[in-house]
Structures are given as structure tokens and as C-alpha cells.
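Down below is the structure, laid out as C-alpha cells.
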Amino acid sequence: MKSVWVQNDVENTLGRLNKLTAASQPLWGKMSVGQMLAHCNITYELVYETIHPKPNFLVKTLLKLFVKNTVINDKPYKHNSPTGGVFIIKETKDFDKEKTRLIEFINKTLQVGEKYFEGRASHSFGPLNTNEWNNMFYKHLDHHFSQFGV
């Protein structure tokens, strides 16, 4: 798996992102390209911003037991995988704004580096190592960029 902390891999990811246009159509799923970008931004919002409420103890326990391994392992997501509630985007989103935000988040993650993430608690899963963080970030982007053919 490519790394969110290796410059060449990040450049590859940004190259894929830059192939998207406001007219890009999904190969599967229901999200528009703007919604998909906003959906991808949420992964980073959960790290860098405090706009999403933390799950309560019961929900966090269930997420750790039933979702965590799927999110942090190195196996690609299946098409049309279920999406957690906080990640569901129903409203129309501005493509350019969401693309700019995602580029900023990807670059920020590269800049803060692996050490920032080692042992850092995720919003829903508790402490993760850098490999788990990388898998979560990279495979989510890879899944959705593939969804839109880039």
C-alpha cells in the first residue's frame, strides 16, 4: 500500500485527485463527485477539527469490535460498502471547495508526519499505530478515487 507520508506517493494521490472534474461520474454508488470529496474530507476533519461529536461509549465499543479491523487493515474496501452515519453526505457540495480542502488535508498529513500519528487516538477506534493510520487514510482515498475512475 502507498504511504500518506512518502512524498512520491502523495504526489501520485494528488495527481489522481487532480484528474477529477466537477462532471466526473461514479462507476458505482450514489454520491456525486462533490459529495465524495466532502465524504473523504470527514476522515481528516475527525483528526484536525472538532466539528463532529465523539461517539458515546457503547457506539465506540461497537465500532472497535465490528468496524475497526475493516477500516485499518490493508484489504481494499468492497464496492458499495456500508458507510458510517457521520460520513453520509446528502446535500449538494461545491466540487472546487471540497477538492481544495482535501488537497490541504492530504498535504497537512504529509507535513505533520508519522510521528504525529504514532499511538494517536482516532475519533472512533482509540489509539492506532502509524501503519493503521496510513491504511485508513490511503485506502479510503484509493477506494473513492477508483469509484470515480481515477
Verdict on Thr50 being under 26 Å from Asn131 (Cα atoms), more than 15 Å from the chain's Cα centre (by Cα) and free of Cβ contacts under 8 Å to residues at least 60 places away in the same chain: yes
Any pair with Cβ under 8 angstrom, 6 or more apart, that starts in segment 120-140 at a residue that is over 19 Å from Pro53 (Cβ atoms) and part of a strand (DSSP E or B) and ends at one that is at pLDDT 95 or above and not hydrophobic (A, V, I, L, M, F, W, C): Pro127/Gly119; Pro127/Arg120
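Could we say that Glu98 is of a type in the set (D, E, K, R) and either out of contact with any Leu (no Cβ under 6 Å at 6 or more places or on another chain) or loosely packed, with under 14 Cβ neighbours inside 10 Å (or both) here?
Numbers: of a type in the set (D, E, K, R): yes; either out of contact with any Leu (no Cβ under 6 Å at 6 or more places or on another chain) or loosely packed, with under 14 Cβ neighbours inside 10 Å (or both): no.
Answer is no for this residue.
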Of all residues in segment 64-85 being in contact with a helix residue (DSSP H, G or I) (Cβ under 9 Å, 6 or more places away or on another chain) and outside any loop (DSSP other than H, G, I, E, B), the one that is farthest from Lys2 (Cα to Cα): Lys68
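Being under 13 Å from Phe87 (Cα atoms) and either in a loop (DSSP other than H, G, I, E, B) or among the charged types (D, E, K, R) (or both) is the filter here; which residues of segment 1-50 pass it? Break it down into steps so the answer makes sense when it comes.
To start, the set of residues in segment 1-50 that are under 13 Å from Phe87 (Cα atoms) comprises 31, 35-46.
Met31, Glu45, listed by residue number.
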Residue in segment 86-108 that is modelled with pLDDT under 95, more than 22 Å from Asn8 (Cβ to Cβ) and not in a loop (DSSP other than H, G, I, E, B) present: yes
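Output the residues belonging to segment 75-89 that are over 18 Å from Phe148 (Cα atoms) and loosely packed, with under 13 Cβ neighbours inside 10 Å.
Restricting attention to segment 75-89, the residues satisfying the condition of being over 18 Å from Phe148 (Cα atoms) are 75, 84-86.
Correct list: Lys75, Gly85.
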Considering residues of segment 115-150 that are surrounded by 16 or more Cβ atoms within 10 Å (Cβ to Cβ) and of a type in the set (Asp, Glu) only, the residue farthest from Pro82 (Cα to Cα): Glu132
Residues that are surrounded by fewer than 17 Cβ atoms within 10 Å (Cβ to Cβ) and either under 26 Å from Val67 (Cβ atoms) or among the aliphatic types (A, V, I, L, M) (or both), drawn from segment 101-113: Ile103, Lys108, Val112
Pick from segment 96-150, criterion closer than 27 Å to Leu62 by Cβ and among the basic types (Lys, Arg), ranking: farthest from the chain's Cα centre (by Cα): Arg120
Residue under evaluation Pro26, criteria (1) surrounded by 15 or more Cβ atoms within 10 Å (Cβ to Cβ); (2) more than 16 Å from the chain's Cα centre (by Cα); (3) farther than 15 Å from Phe95 by Cα; (4) not small (Gly, Ala, Ser), criterion not met: (3)
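The values are calculated or read from the model by the stated rules, or taken from the named source; none is laboratory data. No experiment lies behind these values; they were computed from the predicted model shown. Note: ideal-geometry Cβ built from the backbone for every residue, glycine included; neighbour counts use all protein chains shown.
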